[in-house]
Amino acid sequence: SNIGLADVTDSLLAIKQLVFDEQKITFPQLKQAIDSDFRDAPALHAMIRNKVPRFGSGDEASLAMCRRITDAMRACWRRHTNHRGGKYTVGYWSMSQHVAYGSLSGTLPSGRLAGKAFTPGLTPSPEASKNFLDNLTAVAALNPENMDNNIAFNVKLTAKPSDSRETIVDHMHAYVKSYFQQGGMQMQFN
(Lines give C-alpha, C1' and ligand atoms only; values in the text may rest on other atoms or scores of the structure.)
Protein backbone atom coordinates (compact mmCIF):
# COMPACT_ATOMS: atom_id res chain seq x y z
CA SER A 1 0.00 0.00 0.00
CA ASN A 2 1.17 3.51 -0.80
CA ILE A 3 0.28 6.61 1.18
CA GLY A 4 0.75 10.31 0.65
CA LEU A 5 0.22 10.39 -3.11
CA ALA A 6 -0.90 14.01 -2.91
CA ASP A 7 2.13 14.88 -0.74
CA VAL A 8 4.52 13.42 -3.32
CA THR A 9 2.67 15.04 -6.22
CA ASP A 10 2.52 18.45 -4.54
CA SER A 11 6.21 18.24 -3.58
CA LEU A 12 7.32 17.41 -7.11
CA LEU A 13 5.11 20.20 -8.47
CA ALA A 14 6.74 22.71 -6.10
CA ILE A 15 10.22 21.64 -7.20
CA LYS A 16 9.29 21.63 -10.89
CA GLN A 17 7.58 25.01 -10.83
CA LEU A 18 9.78 27.03 -8.49
CA VAL A 19 13.22 25.53 -9.16
CA PHE A 20 13.07 24.53 -12.81
CA ASP A 21 10.21 26.28 -14.66
CA GLU A 22 10.18 29.71 -13.00
CA GLN A 23 13.67 29.56 -11.46
CA LYS A 24 12.49 31.60 -8.45
CA ILE A 25 14.73 29.62 -6.10
CA THR A 26 17.60 27.19 -6.36
CA PHE A 27 17.41 23.62 -5.16
CA PRO A 28 19.94 24.33 -2.36
CA GLN A 29 17.73 27.24 -1.20
CA LEU A 30 14.70 24.97 -1.14
CA LYS A 31 16.63 22.31 0.77
CA GLN A 32 17.80 24.88 3.32
CA ALA A 33 14.20 26.03 3.83
CA ILE A 34 13.04 22.45 4.25
CA ASP A 35 15.85 21.72 6.72
CA SER A 36 14.64 24.63 8.87
CA ASP A 37 10.98 23.49 8.66
CA PHE A 38 10.49 26.77 6.73
CA ARG A 39 11.18 28.79 9.92
CA ASP A 40 13.98 30.62 8.08
CA ALA A 41 11.95 31.01 4.88
CA PRO A 42 8.37 32.03 5.71
CA ALA A 43 7.96 33.89 2.40
CA LEU A 44 8.96 30.79 0.45
CA HIS A 45 6.59 28.69 2.54
CA ALA A 46 3.76 31.10 1.76
CA MET A 47 4.67 31.07 -1.95
CA ILE A 48 4.55 27.27 -2.04
CA ARG A 49 1.28 27.12 -0.15
CA ASN A 50 -0.43 29.86 -2.19
CA LYS A 51 1.12 29.87 -5.67
CA VAL A 52 1.90 26.25 -6.54
CA PRO A 53 -1.13 24.27 -7.73
CA ARG A 54 -1.90 21.06 -5.88
CA PHE A 55 -3.30 17.72 -6.88
CA GLY A 56 -7.06 18.09 -6.57
CA SER A 57 -7.06 21.83 -7.37
CA GLY A 58 -8.46 21.57 -10.88
CA ASP A 59 -5.05 22.32 -12.39
CA GLU A 60 -4.12 20.14 -15.40
CA ALA A 61 -0.37 20.16 -14.61
CA SER A 62 -1.01 18.75 -11.14
CA LEU A 63 -3.19 16.00 -12.58
CA ALA A 64 -0.53 15.20 -15.20
CA MET A 65 2.14 14.97 -12.48
CA CYS A 66 -0.02 12.65 -10.39
CA ARG A 67 -0.66 10.44 -13.42
CA ARG A 68 3.11 10.23 -14.06
CA ILE A 69 3.66 9.15 -10.46
CA THR A 70 0.92 6.50 -10.49
CA ASP A 71 2.21 5.19 -13.85
CA ALA A 72 5.74 4.94 -12.40
CA MET A 73 4.54 3.30 -9.19
CA ARG A 74 2.65 0.62 -11.08
CA ALA A 75 5.58 -0.03 -13.40
CA CYS A 76 7.93 -0.33 -10.41
CA TRP A 77 5.75 -2.74 -8.44
CA ARG A 78 4.82 -4.85 -11.47
CA ARG A 79 8.50 -5.65 -12.12
CA HIS A 80 8.50 -7.82 -8.98
CA THR A 81 7.01 -11.23 -8.31
CA ASN A 82 5.17 -11.93 -5.07
CA HIS A 83 5.53 -15.12 -3.00
CA ARG A 84 2.68 -16.81 -4.92
CA GLY A 85 4.34 -16.17 -8.29
CA GLY A 86 2.09 -13.31 -9.36
CA LYS A 87 2.78 -9.66 -9.99
CA TYR A 88 2.47 -7.15 -7.18
CA THR A 89 -0.54 -4.89 -7.34
CA VAL A 90 -0.64 -1.25 -6.30
CA GLY A 91 -2.98 0.19 -3.72
CA TYR A 92 -3.44 3.63 -2.22
CA TRP A 93 -4.81 3.18 1.27
CA SER A 94 -3.23 3.76 4.62
CA MET A 95 -5.23 2.19 7.47
CA SER A 96 -4.32 5.36 9.44
CA GLN A 97 -0.59 4.79 8.89
CA HIS A 98 -0.47 8.18 7.15
CA VAL A 99 -0.73 9.72 10.62
CA ALA A 100 1.97 7.53 12.19
CA TYR A 101 4.42 7.86 9.31
CA GLY A 102 3.76 11.58 9.05
CA SER A 103 4.59 12.05 12.72
CA LEU A 104 8.01 10.49 12.03
CA SER A 105 8.72 12.38 8.82
CA GLY A 106 10.45 15.66 8.12
CA THR A 107 9.30 18.65 6.12
CA LEU A 108 8.37 18.24 2.45
CA PRO A 109 8.85 20.56 -0.55
CA SER A 110 5.04 20.82 -0.72
CA GLY A 111 5.13 22.95 2.41
CA ARG A 112 3.93 20.14 4.69
CA LEU A 113 5.74 20.66 7.98
CA ALA A 114 7.65 18.05 9.97
CA GLY A 115 5.53 15.72 12.04
CA LYS A 116 2.24 16.47 10.27
CA ALA A 117 0.13 13.62 8.91
CA PHE A 118 0.52 12.61 5.29
CA THR A 119 -2.53 12.67 3.07
CA PRO A 120 -4.42 9.36 3.33
CA GLY A 121 -4.46 7.06 0.32
CA LEU A 122 -4.88 9.14 -2.79
CA THR A 123 -6.94 11.88 -1.17
CA PRO A 124 -5.93 15.45 -2.11
CA SER A 125 -4.68 17.70 0.68
CA PRO A 126 -7.37 19.81 2.36
CA GLU A 127 -5.69 22.97 0.97
CA ALA A 128 -5.89 21.78 -2.66
CA SER A 129 -9.17 23.54 -3.44
CA LYS A 130 -12.12 25.22 -1.80
CA ASN A 131 -14.27 23.48 -4.42
CA PHE A 132 -14.74 19.82 -3.48
CA LEU A 133 -15.68 19.03 -7.09
CA ASP A 134 -12.06 19.75 -8.06
CA ASN A 135 -11.01 16.94 -5.71
CA LEU A 136 -13.61 14.56 -7.15
CA THR A 137 -12.62 15.30 -10.73
CA ALA A 138 -8.89 14.82 -10.07
CA VAL A 139 -9.24 11.50 -8.28
CA ALA A 140 -11.76 10.21 -10.84
CA ALA A 141 -9.36 11.14 -13.66
CA LEU A 142 -6.61 8.81 -12.42
CA ASN A 143 -6.16 5.52 -14.26
CA PRO A 144 -7.75 2.78 -12.08
CA GLU A 145 -5.45 0.18 -13.67
CA ASN A 146 -2.63 1.88 -11.75
CA MET A 147 -4.49 1.24 -8.49
CA ASP A 148 -5.60 -2.37 -8.82
CA ASN A 149 -5.24 -3.15 -5.11
CA ASN A 150 -7.35 -0.32 -3.69
CA ILE A 151 -8.39 3.26 -4.22
CA ALA A 152 -8.93 4.92 -0.84
CA PHE A 153 -10.46 8.32 -1.43
CA ASN A 154 -11.36 9.59 2.04
CA VAL A 155 -13.91 12.37 2.03
CA LYS A 156 -14.61 14.50 5.08
CA LEU A 157 -17.69 16.65 4.76
CA THR A 158 -19.00 18.93 7.45
CA ALA A 159 -22.69 19.71 7.24
CA LYS A 160 -24.09 23.03 8.32
CA PRO A 161 -25.95 22.86 11.64
CA SER A 162 -29.07 24.01 9.81
CA ASP A 163 -28.89 21.22 7.20
CA SER A 164 -31.61 18.63 7.47
CA ARG A 165 -30.83 14.94 7.20
CA GLU A 166 -32.43 14.96 3.74
CA THR A 167 -30.21 17.84 2.60
CA ILE A 168 -27.09 16.05 3.81
CA VAL A 169 -28.08 12.82 2.05
CA ASP A 170 -28.93 14.75 -1.14
CA HIS A 171 -25.50 16.43 -1.14
CA MET A 172 -23.71 13.15 -0.54
CA HIS A 173 -25.74 11.51 -3.32
CA ALA A 174 -24.86 14.32 -5.75
CA TYR A 175 -21.14 14.03 -4.93
CA VAL A 176 -21.13 10.25 -5.32
CA LYS A 177 -23.12 10.38 -8.56
CA SER A 178 -20.80 13.02 -10.03
CA TYR A 179 -17.70 11.07 -8.99
CA PHE A 180 -18.90 7.80 -10.50
CA GLN A 181 -20.11 9.50 -13.69
CA GLN A 182 -16.55 10.77 -14.16
CA GLY A 183 -15.10 7.27 -13.80
CA GLY A 184 -14.40 7.27 -10.06
CA MET A 185 -14.11 3.85 -8.45
CA GLN A 186 -14.42 4.23 -4.67
CA MET A 187 -14.92 6.89 -1.98
CA GLN A 188 -15.62 6.76 1.70
CA PHE A 189 -17.35 9.49 3.67
CA ASN A 190 -16.62 10.62 7.21
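The values are calculated or read from the model by the stated rules, or taken from the named source; none is laboratory data. Note that this is a predicted model, so its numbers are computed, not measured. Ideal geometry is used to build each Cβ from the backbone, glycine not excepted, and the neighbour counts take in all protein chains shown. What goes into the accessible areas is simple: the full protein's heavy atoms, side chains included, and nothing from ligands, DNA or RNA. Shrake-Rupley method; radii C 1.70, N 1.55, O 1.52, S 1.80 Å.
General remarks:
- Total residues in region 131-178, condition surrounded by 13 or more Cβ atoms within 10 Å (Cβ to Cβ), farther than 22 Å from Met73 by Cβ and not small (Gly, Ala, Ser): 10
- Members of region 51-86 that are assigned to a loop (DSSP other than H, G, I, E, B) and touching a helix residue (DSSP H, G or I) at 6+ places or on another chain (Cβ under 9 Å): Val52, Pro53, Arg54, Phe55, Gly56, Ser57, Gly58, Asp59
- Residues of region 92-130 that are assigned to a loop (DSSP other than H, G, I, E, B), open to solvent by 40 Å² or more (accessible area, probe 1.4 Å) and aliphatic (A, V, I, L, M): Met95, Leu113, Ala114, Ala117.
- Of all residues in region 37-50, one or more are without any contact (Cβ under 8 Å) to a residue 12 or more places away in the chain, closer than 30 Å to Leu136 by Cα and outside any loop (DSSP other than H, G, I, E, B).
- Neighbours by Cβ (under 6 Å, 6+ apart or cross-chain): first from region 132-159, closer than 16 Å to Thr9 by Cα; second basic (Lys, Arg): Asn146/Arg74
- Any chance Thr89 is outside any helix (DSSP H, G or I), of a type outside the set (D, E, K, R) and buried (at least 19 other Cβ atoms within 10 Å of the Cβ): no
- Looking only at residues in region 20-36 that are over 23 Å from Ser105 (Cα atoms) and assigned to a helix (DSSP H, G or I), the one that is least open to solvent (accessible area, probe 1.4 Å) is Asp21.
- Residue check, Phe38 among the aromatic types (Phe, Trp, Tyr) and touching a helix residue (DSSP H, G or I) at 6+ places or on another chain (Cβ under 8 Å): yes
- Of all the listed residues (Ala174, Ala152, Ala159), the sole one being within 13 Å of the chain's Cα centre (by Cα), among the small types (Gly, Ala, Ser) and farther than 30 Å from Phe27 by Cβ is Ala152.
- Selection from region 70-86 of residues that are free of Cβ contacts under 8 Å to residues at least 40 places away in the same chain and surrounded by 13 or more Cβ atoms within 10 Å (Cβ to Cβ): Trp77, Arg78
- Residue match in region 8-16 (condition: under 21 Å from Glu145 (Cβ atoms) and either within 22 Å of the chain's Cα centre (by Cα) or surrounded by 12 or more Cβ atoms within 10 Å (Cβ to Cβ) (or both)): yes
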